[in-house]
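Here the structure comes first, spelled out in structure tokens, and everything after it is commentary.
A short reminder: the numbers here are calculations on the coordinates, not readings from a lab. Note that the structure is predicted; figures quoted are calculated from it, not measured. Quick reminder, even Gly has a Cβ in these numbers, built from the backbone with ideal geometry, and neighbours come from all protein chains shown.
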Amino acid sequence: MHHLLIYDTAPDYLERRGEFRDAHLALAWQAVERGELLLGGATGNPPDGALLLFETDSPDVPAAFAKADPYVLNGIVTGWRLKAWNTVVGAQASTPVRPAG
């Protein structure tokens with residue numbers, strides 16, 4: 001199943017992220033190497049949040065990621081939430097559904 005980890009960022013996100021960016025990216029790439037994190041990145045221009053797409057059996061995996069993320073721990077991310085995403089269309093859909101016929 002897919003899960004979206006949705007981040008809300010502080011107004012001074014761009015100014016503060018540099019100090020913690022390498023540690024955040026290391027955590028993210030480790031999750032990629034384990035096959036958990038598919039995509040991640042900031043949203044908006046200028047950035048006003050971030051989305052991370054996980055493929056896991058449990059929402060505990062992305063929740064643990066958020067709880068360990070230096071951006072969260074240092075207040076650059078001001079809030080986060082998880083949404084289960086029942087993907088049905090696309091090559092990586094977790095439950096593909098095709099039209100009848």
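Can you give the calculated 222 nm mean residue ellipticity of the chain, where each DSSP H run of n ≥ 4 adds -39,500 (n - 2.57) and the sum is split over every residue, rounded to the nearest 500 deg cm²/dmol? Don't jump to the answer; show the numbers that get you there.
Values: 4 runs with 33 residues, N = 101.
After summing the helix terms and dividing by the residues of the chain, the value is -9000 deg cm²/dmol.
If I take every Cα pair under 8 Å that is 6 or more residues apart in the chain, average their sequence separation and divide by the length, what percent do I get for the relative contact order? Intermediate results must be reported in sequence, preceding the final value.
Values: 159 pairs, mean separation 43.0, N = 101.
Result for the chain is 43 percent.
Give a quick list of trypsin sites (Lys or Arg not before Pro) in the chain that DSSP marks as loop, anything other than H, G, I, E or B, with at most 16 other Cβ atoms within 10 Å.
Here the trypsin sites (Lys or Arg not before Pro) that fit, given the DSSP loop and packing criteria, are R34.
Sort 56-62, 85-91, 74-80 for me by packing, meaning the mean count of neighbouring Cβ atoms within 10 Å per residue, highest on top.
74-80, 56-62, 85-91
Mind listing the long-range amide H neighbours of T78? Cut-off is under 5 Å, sequence gap 5 or more, other chains count too, H placed in the peptide plane at 1.01 Å from N.
Here the answer is D8, T9, A10, since their amide H atoms fall under 5 Å of that of T78.
On C-alpha positions alone, give me the angle between the axis of helix 18-33 and the longest principal axis of the chain, in degrees, nearest 10.
Between helix and principal axis, roughly 20 degrees.
As an exercise, find the ratio Rg/Rh for the chain from alpha-carbon atoms, using the Kirkwood inverse-distance average for Rh.
1.03
Across the stretch 86-101, in residue order, what do the Karplus-derived ³J(HN,Hα) couplings come to in whole Hz, using 6.51 cos²θ - 1.76 cosθ + 1.60 with θ = phi - 60° and x for Gly and Pro?
So the Karplus estimates, Gly and Pro as x, are 7, 7, 10, 10, x, 4, 9, 4, 6, 9, x, 10, 10, x, 5, x Hz.
Where Lys and Arg each count +1 and Asp and Glu each count -1, what net charge lies around A91 among other residues with Cβ under 15 Å from its Cβ?
Result for the neighbourhood of A91: 0.
Near the amide H of D48, under 5 Å away, which other amide H atoms are found, from residues 5 or more places off or on another chain, if H is placed in the peptide plane?
Answer set, sorted by chain and number: T43.
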